[in-house]
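Right, one structure below, let's go through it.
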Amino acid sequence: MIGLLPLLRQADFGLKHRAMDMVDDLIKPLANDQVTVAREVIWNSHWYQAAVHACARVGADYMIKCTDTHRKALKILKDRSDQYLLRHISCPVLLVHTVEPSHYQRVLAAVTIEEGNNSHDELNNLVISNARRICRITGGELHVVATHNDRKDIFSLLRFRSDGDDEKPPGEELISSHFGIEPDKIHLASGPTKQVIVEMATEIDAQLVVMGTFARAGISGAVLGNVCEKVLDQLTEDILTVH
């Protein structure tokens with residue numbers, strides 16, 4: 001199910017009805033493709049809060065929202081709509097940079113290999129499964145970028161099982177086996193996660209980056225953010241966030 005949410009900032013009854021007519025026109029081809037669509041036209045000064053509530057109310061599987069790079073002059077504590085959505089929404093968010101149709105011929109899934117972090121393991125699996133789903137739909141090529149702190153410890157971090165005498169395979173082969181993706185589509189790199197993701201997306205000419213995000217609220221969330229929020233202003237590719 002996809003929630004379409006035209007957001008009205010002014011009290012204009014006629015505008016609201018015109019927006020509803022516009023949404024009905026948008027829905028028609030989706031209905032022909034047997035996609036379930038819930039129509040909600042919202043008038044709210046805090047539209048991003050209303051959008052979060054609407055997605056929860058209709059049980060949306062995805063939210064699709066246009067986005068753009070933000071000016072660096074924005075203060076770090078100022079609420080931004082994209083950040084609010086990433087922290088509070090109950091479903092994956094697809095942030096679209098272009099109005100042109102995208103076929104997503106190359107999809108980059110970003111995972112993190114960390115020791116003793118079951119939350120990251122679960123999030124990595126969600127990232128891979130959502131990226132696979134999109135590639136199945138679009139016929140795209142799935143690449144995985146994995147960041148790590150110590151390449152030598154990849155073997156134990158992935159909890160690889162062996163008889164003890166076997167030679168340890170390269171990290172790319174380990175991750176390939178772990179997620180079931182071709183070794184030549186695995187990109188293993190150390191360094192700041194934000195930098196690695198941005199550079200790899202450019203290197204392979206990805207059209208979509210799939211990332212995981214942890215819900216964060218309060219002062220720590222506003223000040224520190226997370227990797228997904230930090231790359232919003234760096235990536236020009238579409239971004240799908242899952243949590």
Quiz item: If you scan segment 1-56, which residues turn out to be modelled with pLDDT under 85 and polar (S, T, N, Q)?
Solution: Q10, N32, Q34, T36, N44, S45
Quiz item: Which residues, taken from segment 100-137, are modelled with pLDDT of 80 or more, surrounded by 15 or more Cβ atoms within 10 Å (Cβ to Cβ) and either assigned to a strand (DSSP E or B) or hydroxyl-bearing (S, T, Y) (or both)?
Solution: Y104, R106, V107, L108, A109, A110, V111, T112
Exercise. Mind counting the residues in segment 26-48 that are part of a helix (DSSP H, G or I) and surrounded by fewer than 16 Cβ atoms within 10 Å (Cβ to Cβ)?
Key: 6
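The values are calculated or read from the model by the stated rules, or taken from the named source; none is laboratory data. This one's a predicted model, so the numbers in the text were calculated from it and none came from an experiment. Using ideal geometry, Cβ is built from the backbone for each residue, glycine included, and neighbour counts are taken over all protein chains shown.
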